[in-house]
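The values are calculated or read from the model by the stated rules, or taken from the named source; none is laboratory data. Predicted model, so just to flag it, every value in this text is computed and none were measured. Using ideal geometry, Cβ is built from the backbone for each residue, glycine included, and neighbour counts are taken over all protein chains shown. What goes into the accessible areas is simple: the full protein's heavy atoms, side chains included, and nothing from ligands, DNA or RNA. Shrake-Rupley method; radii C 1.70, N 1.55, O 1.52, S 1.80 Å.
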Amino acid sequence: MRYLALGLFCLLCCDAVRVDHRHRRRPRPSVLSRGRNDSAVQSNSVESLCKGKPLDFVFIIDSSRSVRPSDYEKVKTFITNILAFLDVGPEATRVGLLQYGSVVQNEFSLNTYSSKADVERAVKAMDHLATGTMTGLAIQYTMETAFTEPEGARPADMHIPRIAMIVTDGRPQDTVEEVSAQARQAGIQIFAIGVGRVDMNTLRAIGSEPHSEHVYLVGNFSQIETLTSVFQSNLCGGTDLCSVVDHRCDHLCVSTPASYMCRCRKGYTLNSDGKSCRSEDPCAVVDHGCAHICAKVPGVLGYECRCRLGYELNEDARTCRRIDYCDLGNHGCQHDCVSTPESYICRCTRGYVLNLDGKTCSKAECGDGVMDLVFVIDGSKSLGPANFELVKQFVNGIVDSLDVSGIGTHVGLLQYSTKVRTEFTLGQYTSGQDINRAVSRMQYMGRGSMTGAALRHMFEYSFSAKEGARPDMPWVSIVFTDGRSQDDVSKWAAKAKDAGINIYAIGVGKAIEEELREIASEPDDKHLYYAEDFSHMGEIADKLKTRICKEKPSPEEMCKCDNVMLFQRQVNEQLRRLTQHIEVVSKRMETLESQLGHK
């Protein structure tokens, strides 16, 4: 943090007039009043202080419908003026930009462009979204995606300042307090710029402290460019006082444009003298040796070790052992009991499905359906571990109702959050039991919710021959989500459906109906299912199994040419596998006879 204020890239180390004569803009009267000679002197003095300080810098631009087209162009001009002071390059300052309305649209990442000219062209080419104002969603995307190493952010141990500048003109439609605090705690310095009727308390909730240096409000978009000189004065006009005064800070000294402040390392709190630090959590400063959790005991200087949910403390009071809930003997499962990290779930043997009570089993009624089925499962943090276990139970309930075999139904599964992970492909398992075990082993990802990226992965890879998809089988995908996606779903859902993939959309809780309709195949009443909470997942499973069963050919339809050909291909596949098996057995017999003859 000591270089953060000085290093904001010389954000704005000179006058707001561009050097490039092709893009020079006429200065406003307030800028003209400084005079040409003053600008030149200021540029030289500031450049020597700020140049060469690398930054990872992301613009977050409000592109809601309340921003008029002419004002949108002024914001683009403001960004271009900021870029004039940046030393853009892979080893210098990296620049990213996203704009938001009802959804977040990433225009370019920190590693997309390596020159200032390319960044400027991308800014000028931006199109206005003109939708809602999901400011909190944009900040969450910035924290969880924009400032990650795959998107171009440099590793934290390089201590490159991470700067976010958000420009907004209205009240957000979602909450910003919690996600802004999380972003700041993650090491992102946030500058909040409000235009017009923005609530000042909202800006303060977004911006970093001190607010006098990070939060700004102007009356209209015509005034926004006046902030260029304000940033220049506040961020590039000071001296690193920590390096020239006897600050006497116990731990850390952080320079501000006009002074300095003392800070404490993690696990310590600054005392009232503003200099010294005291330990607030012994777990943060001692080698506690706890296998899972070190917990401070209220009113006591010591601490105690605790275990995560699903574990219990061993006799050494340090290590933990897993609790086998099935061994407790009170699970009540009719068939099989399977322990989970937090509890247990009941399973049925092959040919049976779990009833709504979660305990008893009934004979499966959809055993002869044949398809290539890919589950696309939301693993975002909004579910929580307990609900994720219910989703796994939901998946296995569907799988148990199907004829999973080499020539029957094949099943694959993706889990997604901020990233997409293939848990298993269509060609990986040929039995329902193997799939059940693979689902049980799935580890909860627990981060963001990039449903669009998951649909893209499903379309491009999951139904490929390389991953086991069969061209003569129906392609079906069941997409589960419990909230709003952080990226666009319509493009890749449409591509998947155009490719012949029949998509069922399952939404729970805060899932958005509009998104579910974009994902689901038509008609909606047969392909879209929604429940208010996870306790109704069993009802959705029963309806879905019924729907999938109804779509299999009836005995009369099996007489049609296409279905007869499908049946013939299945028979041919069985004969091919049988022939291969006979050949293997014959070779083994020949080898055995040869060995006996030698004896």
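Counting only residues at least eight positions apart within a chain, or on another chain, the aspartates and glutamates with an alpha carbon under 13 Å from that of LYS124 are GLU73, GLU107. Taking 0.36 nm per residue of sequence separation and removing the Cα-Cα distance, the GLU514/GLU539 pair yields an extension gain of 6.8 nm.
Computed log10 I(q)/I(0) for the stretch 56-110 at 0.15, 0.21, 0.22, 0.27 Å⁻¹: -0.47, -0.83, -0.89, -1.13, from the Debye equation with unit scatterers placed on every C-alpha and solvent omitted. When nucleic acids and ligands are ignored and a 1.4 Å probe is applied, CYS253 ends up with an accessible area of around 20 Å². Evaluating 6.51 cos²θ - 1.76 cosθ + 1.60 at θ = phi - 60° for every residue in the stretch 396-409, the Karplus couplings come out as 5, x, 5, 4, 5, 8, 10, 8, 8, 6, x, 9, x, 6 Hz, glycine and proline recorded as x. Accessible surface of the stretch 357-441, 1.4 Å probe: 49 percent of it comes from carbon and sulfur atoms.
Sorting check: for 323-334, 431-442, 532-543, which peptide has the highest mean count of neighbouring beta carbons within 10 Å, and how do the rest follow? Each step should come with its number before you reach the end.
On the way: 323-334: 13.8, 431-442: 17.5, 532-543: 15.8.
Sorting 323-334, 431-442, 532-543 by mean packing, highest first, produces 431-442, 532-543, 323-334.
A cut-off under 10 angstrom between Cβ atoms defines the neighbours of ASP482, and their net charge, with Lys, Arg +1 and Asp, Glu -1, is 0. Sorting 170-181, 395-406 by average packing, meaning the other beta carbons within 10 Å per residue, from highest down gives 395-406, 170-181. Pairwise Cα separations in the stretch 78-139 fall into 5 Å bins from 0 onward with the following percentages, short to long: 4, 17, 26, 22, 17, 11, 3, 0. P(r) tail, the stretch 56-211: Cα-Cα pairs separated by more than 18 Å, 54% of all pairs.
Given R₀ = 35 Å, FRET efficiency for ASP327-VAL286 by Cβ-Cβ distance, to 0.05? Rounded to the nearest 0.05, the efficiency is 0.50.
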